[in-house]
Amino acid sequence: MVMKGKFRRGLRHHLGIYLFLLPAVGFFLVFSVYPILYSFVMSFTNWPLVGSPHFVGLHNYSQVLHDPVVGTSLVNAIFYLIVSVPIQIVLGLLVAMGLDRPMRGRGALRLMYYLPVITSWVVVTLLFEYLFNTDYGIINWLLMSLHLSRSAVPWLANRYSALTVAAILGGWKGIGWAMMIFLAGLQGVPDELYESAAIDGAGKWKQFWSVTLPMIRGTFFFVTVMLMMGAFQVFISVFILTGGQPANETQVPLVWMYQQAFSNLEFGYAAAFSWVITAIIVVFTVIQFWVFRPRSVQEV
């Protein structure tokens, strides 16, 4: 009885808080949890948008695993990851370290580096499409003007050159985000550690490896995981630049998933593919947890 009375008093005391949270929780359940659960159910069905869904068991998953375009899209996503993620990590960390020091105009510089993050994907992708256009692109004009190329390079017509353009775009756009996260981590490193390292004779490079990197290990892990997840979810840039063409050579998972769902009306296939991608991302994340796990002195 005493516990029940305490529960009732606590409920009355926090009732206002619960009521304020209710719309947000309802929004989350309706627009996040329900679609996720529904997509999982849909992955076991065949639903061409007309009539009722038909249960097909694991047929969609089997179709995904045997689809050569899926393999191509995964290889392309990994290539995109290999090119774009290091750009964001290395340049983001370098810029963060440069802007971590007191200097005039530091706030304006931070804003300038962060602007690409909040710029529309569609706008910057169309800009890159213009820059790398085969017929009138500025990049080809510069190369031929400097006699570095005798003819126009079809940047967006070849598989890996098109993916490289998309990866450079993604890398450039994400530098500012990585910079802000790294900057937050760097500001948590005590100055005393650098002073002690300097007294011991450590130079800037030694301080970076012995003090900076170990102290921002968690930040580094977070940035790496988020960027790798983002690489597997690249969509707008590839969709606008190539649409997965020619001959599906530049397909990436989300573009292929979108085309299967909304062009071919293969919603069950697209849902199954989305869960396969989710499983791959989880595996990558677990591997990174293992790599970045705290190590004992014996392991080191």
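Just so you know, all these numbers are worked out from the coordinates, no wet-lab data involved. From a predicted model like this one, the values you see are computed outputs, not experimental measurements. Cβ atoms come from the backbone with ideal geometry, glycine included; neighbour counts cover every protein chain shown.
With the helix formula -39500 (n - 2.57) applied to DSSP H stretches of n ≥ 4, the chain reaches a computed 222 nm mean residue ellipticity of -22000 deg cm²/dmol. For Rg/Rh (Cα atoms, Kirkwood Rh), the value computed from the atomic coordinates appears in the list (i) 0.95; (ii) 1.07; (iii) 1.02 under label (ii). With R₀ set to 25 Å, the beta-carbon distance separating LYS206 from ILE82 gives a calculated FRET efficiency near 0.30. Along the charge dipole of the chain, which of THR72, MET226, GLN251 sits closest to the positive end, that is, farthest toward it, with unit charges on the beta carbon of Lys, Arg, Asp and Glu (+1, +1, -1, -1)? The Cα lying farthest towards the positive end belongs to MET226.
Here's the picture: charge each Lys and Arg Cβ at +1 and each Asp and Glu Cβ at -1 in the chain, and of PHE284, ILE118, PHE28 the one pushed furthest to the positive end of that dipole is PHE28. For the chain, a Gaussian network of Cα nodes joined below 10 Å ranks LEU93, LEU15, LEU29 by mean-square fluctuation, and the top entry is LEU15. Each eigenvalue of the Cα gyration tensor of region 209-260, multiplied by 5 and square-rooted, gives one semi-axis; in descending order these are 35, 10, 7 Å.
Where in region 222-248 does the amide nitrogen come within less than 15 Å of the point 7 Å from the Cα of GLN288, taken along Cα to Cβ? Only 222-234 fall inside the zone, counting backbone N under 15 Å. Computed from the Kirkwood radius of its Cα pairs, the Stokes-Einstein diffusion coefficient for region 12-89 at 4 °C and 1.567 mPa s stands at 77 µm²/s. Simple point charges give the picture: +1 on the Cβ of Lys and Arg, -1 on the Cβ of Asp and Glu, and for the chain a dipole about the Cα centre of about 1120 debye. Note on TRP141 and TRP172: with the Förster distance fixed at 25 Å, the Cβ-Cβ geometry gives a FRET efficiency of about 0.80. For the chain, the membrane-span-like helix rule (DSSP H, alpha carbon extent of at least 24 Å along the helix axis, mean Kyte-Doolittle at least -0.5) picks out 68-99, 159-186, 267-291; this says nothing about an actual membrane.
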